[in-house]
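Here, each number is a calculation from the coordinates, and none is a lab measurement. Just so it is clear, the structure is predicted and the values come from calculations on it, not from any experiment. With ideal geometry, Cβ positions are generated from the backbone for all residues, glycine too; neighbour counts draw on all protein chains shown.
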Amino acid sequence: MAEGSCPPAIYLSSLDPGVGKTTTVICFLRTLLASTLHADVGALVCVRRKDQIEAIVKEAHLNAADYAVLTADDQLNALGCGSPHAARVLFTTHAMIEKRCEGRSFPKVAAFHFRGQPRAVRIWDEAILPGQALTISRDALGFLFAPLRGRHPALAEDIEKLFTRLKDVADGSSICLPDLAEVHEVDLNQALALVGERPEQELAIEVLWFLFGKHVTVRRDGAFGETMLDYKDTLPDDIKPLLALDASARVRTAYDCWERGRGGIERLPSAKKRYDALDIHVWNRGGGKSAFRRDGKLLVEAIVSTVMTRPDEEWLIVHHKTGINMDFEEEVRSRLPPFNPTVHFIHWGAHDATNEFAHVPNIILAGTLFMRQSHYEALGRLASGHPSSRGRYDDRQTRQVTLGEHRHMVLQALCRGAVRKSDGDGCPPARAYIIASPRSGISLELREIFPGASIRAWTPIKKTLSGRVADAFNFISRRLRLEPWSTVTFREVMEQINWKDVKDFKRSIRRHPDFVETLAAEGIQEWGRGKYPRGFRLTDPATCD
């Protein structure tokens, strides 16, 4: 890029966390600044969070005269020379790129220029996508009635009609939304002014106003009901050439969709990192927000008991911040001794792009963060360049995108601890504890995420079964220990415990809470080739001793 000979493409680096992508960039910037032959070459460095700018500047030891910052934070913008147009290196955020380039060509955005010309070196730190996945639920529409009705009653009435219409739209169907903003002459800023500072309603209006007049896909998000989805492009195509540094690129399916659908991505050579010194312990039970709302006290008890197995070592816990009806950190700390062990906490959403805990050998993922299924389809459509106007998106591809996002999430979260460090081509000794339901598929993906890691069951709290529930479990577990790749049919279990009624077997045995939890803890799931399960099998037979 600095020589002006780089073909236009997005060059994707997929080196794992801790291998040295940021260090390489810093060394390059120092070299560029020291080169008298490149005094007219400027560099643009884009990060996801503003606090990352301060970390890079501190690590790079740049002279204040050589760099500037362009964000929405005046205090941060005061760093460096304070003059973006004159600085050789300009730091900004992903959001600022999207905002300044909306509807405009990248080379024409003067804010990112150096000496009146677009900066030749362009670096994008962390994950990159061509735009934003957009979803808005039927419930979110309902919350707009009241704020809009007082000033724009006809608009509110038409949105209410849309609300009613969505109830009868078949799952997976595409519909064309009327452009109600134009019909009622209410622009985005006017609508936003009516909801005040209510983030959820502001987001709903921003998404809805963009989708007006466009085709959208309607999906049913389980208990959350109907959701409209599509996407919008926010990354200007002429920002290329661009170097993108995403440690998760190796495991995220979205990049595969981008390559096949949109093109324009060149993957840079990689170096595989080994995780032979990592021990991963998996508790096969639900760890989403609903699980914490239902069984939060039990989960906290299990986490505390695990921390106390190594009270003299440091721990890092990644947890849900909101939506679980408790202050998680406070609940855990209240059960720990007053002086030890040392436990650090970060919440999902802040689980990436920090090296603060890279010395911590023990990390617990206290549940996992899941998005609604409509989000994953919108993300797949975005990456593939497949808008709703082109028709149905392959459900199999959506499932692959979902698993890719789960892999991305787990890799980034565990690599906040000592796992991120490099010891030769591997990592130093570390232990991870993950709460994940078998239905999420996460446990099956761990070998791909962390090549060489040992994976074993984690059962911090065991249920005591009795009666024929215990008989059923013992029969299933014995059979699967002897034949790990087999399936134990429901009929075989019923015969073993002398149970006659199929419906009663489902109600009293298969759906018994303690039976379900114990099966999950042992990595056993219901399974069948067709629409309905026919028996029990191990989630991952390869883990069987």
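Shape verdict for the chain, please, from the Cα gyration tensor: rounded (a/c under 1.5), prolate (a/b greater than b/c) or oblate. Oblate is the answer for the chain, as a/c is 1.5 or above yet b/c matches or exceeds a/b. The order of Thr354, Thr164, Thr227, Thr36, going from fewest to most other C-beta atoms within 10 Å of their C-beta, is Thr36, Thr164, Thr354, Thr227. The length gained on full extension between Lys297 and Arg198, counted as 0.36 nm times the residue separation minus their Cα-Cα distance, comes to 32.5 nm. Put simply, when 462-469, 123-130, 293-300 are sorted by average Cβ atoms within 10 angstrom per residue, most first, you get 123-130, 293-300, 462-469. Compared with the dominant Cα axis of the chain, that is its longest principal axis, helix 199-211 is turned about 70°.
Annotation: lysines with alpha-carbon distance below 16 angstrom to Lys50 (same-chain offsets under eight excluded): Lys58, Lys99. The listed peptides 446-452, 306-312, 165-171, ordered by packing as a protection proxy, come out as 446-452, 306-312, 165-171 (highest mean of other Cβ atoms within 10 Å first). Our estimate of slack between Asp423 and His85, defined as 0.36 nm per intervening residue step minus the Cα-Cα distance, is 117.6 nm. Calculate, for Ser35 and Cys6, the FRET efficiency according to 1/(1 + (r/R0)^6) with r their C-beta to C-beta distance and R0 22 Å; round to the nearest 0.05. That gives a FRET efficiency of 0.85. Helix 373-384 and the longest principal axis of the C-alpha atoms of the chain enclose an angle of approximately 40°.
Within the range 459-475, which residues have the backbone N less than 17 Å from the label spot 7 Å out from Arg507 along Cα→beta-carbon, could you tell me? Only 469 fall inside the zone, counting backbone N under 17 Å. Compared with the dominant principal axis of the Cα atoms in the chain, helix 395-414 is inclined by about 80°. Restricting attention to the range 169-298, the count of lysine pairs at 8 or more positions apart or across chains with alpha carbons under 29 Å apart stands at 7. Cross-link partners for Lys503 among the lysines, with Cα-Cα distance under 23 Å and sequence neighbours closer than 8 places in the same chain left out: Lys531.
Measuring how big the range 60-186 is from its alpha-carbon positions, Rg and Dmax come out at 22.0, 62 Å. Our estimate of slack between Arg104 and Phe212, defined as 0.36 nm per intervening residue step minus the Cα-Cα distance, is 36.8 nm.
Given +1 at the Cβ of Lys and Arg, -1 at the Cβ of Asp and Glu and no other charges, the dipole of the range 132-232 around its Cα centre is 200 debye to the nearest 20.
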